[in-house]
Amino acid sequence: MLFNDFDFSQLDSPDFKEDSVRETLILPLLTALGYQQENIVRSKMLQHPFLKTGSKKRPITLIPDYLLKIENAYAWVLEAKSPSENILMGDAVEQVYSYSIHPEVRSKFFALCNGRSFSLFRSDEISPLLYFDLAEIADYWETLQGYLSIHSFQMGKVFSYLPLKTNFHAQPFDYLNRPLLEEIDVKKRAARRHFGVHGYFTKQAWNVVNRYIQNFSQKGDLVLDPFGGSGVTAIEAMMLERRAIHLDLNPMSAFLVDSLIRPVKLEDLQASFERIKAAYESALPISVKQALKKYPYPKDFSLPKGSDVRFIQDLFSPEQLAQLAFLKNLILQEKNLDIRKALLLAFSSSINKSNLTYHHSTYASKNAGDSGPMRYYRYRIAPRPVSLDLMKTYEKKFSSMLNAKREIEPRINEQTVDNLQIIRGTATDLSFLKKESVDYIYTDPPYGKKIPYLDLSVMWNAWLDLPVSEEDYALEAIEGGEHEKTKDQYNSLMAKSIEEMYRVLKFDRWMSFVFAHKDPEFWHLIIDTAERCGFEYAGAVAQKNGQTSFKKRQNPFTVLSGQLIINFKKVRRPKYIMRASLGMEIGDVVMQTIEGIIAKNNGATLEQINDELIIKGLELGFLDLLKKEYSDLTPFLLETFDYHSETELFTIKQDGRFKTYVDLNLRVRYYLISYLRRMERENKTAYFDQIVLHIMPLLKNGNTPEEQTILNVLEQIAFPVGDGWKLKVEGQAGLF
């Protein structure tokens with residue numbers, strides 16, 4: 001083993017100094033870790049980024065002993081010290097830390113070796129990750145290799161994507177080497193088991209979840225969703241003959257899934273509904289005063305701050321309270337628990353429309369709207385409340401629930417129900433699961449302060465008699481809300497949840513983490529925490545989630561309509577994402593990325609820009625810089641680019657130039673499309689000479705193309721009409 005032949009008593013000699021540590025101990029160590037001469041940068045001179053000395057402000061020069069380079073970035077810094085120096089704390093550690101955070105270095109790790117011992121630090125932590133006597137390196141070698149070998153780092157990624165029509169299991173199933181999926185066309189309305197059964201604040205597209213479960217797991221595997229929400233993951237896992245665990249802190253979430261999958265005889269369920277409907281209609285017109293005295297209804301539950309009214313009963317007219325209380329009373333008289341739960345599911349879904357926050361659609365029927373908490377994420381009384389016929393609403397919701405039951409009936413029996421556990425609890429505590437017992441995790445956690453789920457569920461939880469405790473609120477991973485939780489509290493709860501997910505997932509298995517947030521700090525938290533736990537980042541895919549929401553239409557610059565699915569692997573020797581040595585200001589990186597995506601797509605939406613920056617930040621390791629400078633891109637985008645409200649696209653300012661380097665052909669293509677579209681709008685002919693004269697001045701930065709280059713690109717995107725050119729329509733080869 002390394003250093004077996006070295007006599008460590010030499011370290012006591014006054015002649016064995018720092019240079020001896022370098023040549024005798026450090027070089028063999030680096031070689032054993034896989035580094036060749038081209039990977040080892042010795043004594044590079046760096047100017048201190050902040051400090052200067054003297055009245056003339058002369059720059060201070062930093063000279064690290066070793067920078068370990070992989071491709072074009074620095075993986076870690078190593079400093080040699082004499083055997084008498086302290087390498088656990090003090091000036092020596094602070095010195096090497098200053099090297100690791102230097103803008104030209106930005107390494108993830110830094111290490112010190114004094115011949116007697118070796119210490120390893122992350123550049124963002126005070127305590128060492130690893131500390132051992134060099135004489136005992138054999139006991140620590142595997143761990144040291146895991147952190148620092150040349151194969152422990154990744155710089156950028158080359159992904160293999162799975163074509164949409166691939167036969168998943170035609171080949172032997174290799175868990176570790178699963179390809180990533182491309183963006184999937186959303187088909188939300190195609191599954192009755194989800195669409196129209198019961199509203200929820202966020203809902204993953206069932207077919208997207210279905211494809212991910214197919215890709216990353218096999219029949220009989222255990223699939224976990226610790227932020228279960230509306231239950232799409234668990235139900236799709238069940239449909240694909242997997243075992244599943246649905247976990248959520250919100251009792252409404254557990255109720256929805258439990259009520260839907262309970263096995264019932266559909267003819268008995270239909271008969272129960274008919275019995276309730278007949279009893280309800282025979283009692284009409286109902287005496288509001290008598291009903292409110294006779295039948296219980298929720299009262300005096302406080303609503304969150306920002307609500308238009310104070311208490312839950314104020315969300316309903318007296319007639320609505322009376323009718324809902326009477327209907328609930330009829331349902332509770334049904335003796336069969338499974339049937340009663342199914343009927344309550346339809347009742348709960350009806351509450352969404354039978355209240356004063358119900359905002360009916362202005363462009364469709366009055367029965368096509370939504371409640372304030374679902375639409376606006378607050379209890380907002382409708383300016384023009386609509387009173388719908390409760391039994392007609394309930395009948396429609398019952399029909400949707402019955403269709404869902406009918407669709408999942410082939411998968412519903414005692415065995416499948418046993419294989420789908422529904423647990424009310426927190427993702428921060430998965431102690432009911434053994435270590436390394438889960439085969440796949442697909443989850444869609446809360447996004448900071450976007451949606452306070454427990455606050456917004458008061459109306460449903462109260463009617464369903466589902467209790468929510470102060471401890472539940474304390475464990476809810478959100479920012480803000482009625483309990484005014486801080487960003488630090490959210491970060492801490494999310495970090496603990498990821499740690500638990502890592503613990504229960506088997507090795508060589510995957511976690512797909514759905515996330516959508518404008519603030520890069522949250523993305524940095526997710527990636528950094530996952531990596532600290534031991535996950536290896538395996539790639540992120542932009543994924544739409546169906547039609548644009550009302551919230552997005554109302555707030556185009558503050559709400560993202562898409563999301564990223566970030567994929568991680570749990571492997572025994574994870575590779576770490578290296579922070580890119582940028583060689584430029586973060587503002588230049590941001591501008592180059594934005595202009596690149598605008599050129600590529602002939603204009604880009606806020607979501608496309610956000611996704612591109614986040615993915616680049618993930619894979620090149622500059623999310624930490626992005627979160628400091630660009631917590632919200634919107635002001636920068638609106639100031640720097642043109643925004644078109646009809647298309648929701650940002651473009652280069654009219655007759656403006658790209659400010660950074662973008663591939664020449666992309667720039668030519670972008671300007672050509674912009675110009676040809678303008679000529680079409682103005683009913684003018686675009687002649688080649690005019691085209692060249694128009695775009696040449698816009699291409700002066702970077703390489704200037706020849707006319708032949710412009711003609712080559714023009715022929716790809718347009719066709720000649722007489723003496724001029726006309727843009728190809730969407731879908732024709734070469735344009736989109």
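A few comments on the model shown:
- Summed over all non-identical Cα pairs, the Kirkwood treatment of segment 481-549 gives a radius of 13.8 Å.
- Applying a threshold of 18 Å to the alpha-carbon distances of Lys69/Lys575; Lys187/Lys341; Lys187/Lys449; Lys684/Lys726 flags Lys187/Lys341; Lys187/Lys449 as lying beyond it.
- In the chain, helical runs assigned H by DSSP with n ≥ 4 each contribute -39500 (n - 2.57); averaged across all residues and rounded to the nearest 500, the mean residue ellipticity at 222 nm is -11000 deg cm²/dmol.
- Charge dipole (Cα centre; +1 on Lys/Arg Cβ, -1 on Asp/Glu Cβ; no other charges) of the chain amounts to roughly 2840 debye.
- Pairs from the list Lys294/Lys328; Lys17/Lys81; Lys203/Lys434; Lys294/Lys397; Lys265/Lys335; Lys293/Lys397 with a Cα-Cα gap above 19 Å: Lys203/Lys434; Lys294/Lys397; Lys293/Lys397.
- Each residue of segment 12-21 was assigned a 3J(HN,Hα) from its phi angle through the Karplus curve 6.51 cos²θ - 1.76 cosθ + 1.60 (θ = phi - 60°); the sequence is 7, 6, x, 7, 8, 10, 4, 5, 5, 4 Hz, with glycine and proline shown as x.
- Cross-link pairs exceeding 19 Å in C-alpha to C-alpha distance, out of Lys219/Lys506; Lys450/Lys487; Lys353/Lys450, comprise Lys353/Lys450.
- In terms of Cα atoms, the Rg and Dmax of the chain work out to 30.7, 104 Å.
- Normalised by the number of residues in segment 276-425, the average gap of Cα pairs under 8 Å and 6 or more apart makes the relative contact order 20 percent.
- Two-site label geometry, His483 and Met89: point separation in nm, points 7 Å out along Cα→Cβ: 3.5 nm
- Normalised contact order of the chain, rounded percent, pairs of Cα under 8 Å and 6 or more residues apart: 11 percent
- In segment 266-406, the convex hull through the Cα atoms has an average projected area of 9.1 nm², a quarter of its surface area.
- Measure of compaction for segment 8-154 (Cα Rg per 2.2 N^0.38 Å): 1.04
- Glu71 versus Ser9: modelled label distance in nm, points set 7 Å from Cα along the beta carbon direction: 4.9 nm
- Inter-site label distance for Asp314 and Glu646 at 7 Å from Cα along Cβ, in nm: 4.5 nm
- Per residue, the Cα convex hull of segment 581-654 amounts to 89 Å³.
- For Lys305, the aspartates and glutamates whose Cα comes closer than 20 Å to its Cα, not counting residues fewer than 8 places off in the same chain, are Asp314, Asp455, Glu470, Glu471, Asp472, Glu476, Glu479, Glu482, Glu484.
The numbers here are math on the coordinates, done by the rules we state, and not lab data. Fair warning: this is a prediction, and the values are worked out from it, not measured in the lab. So basically every Cβ, Gly included, is an ideal-geometry build from the backbone, and we count neighbours across all protein chains shown.
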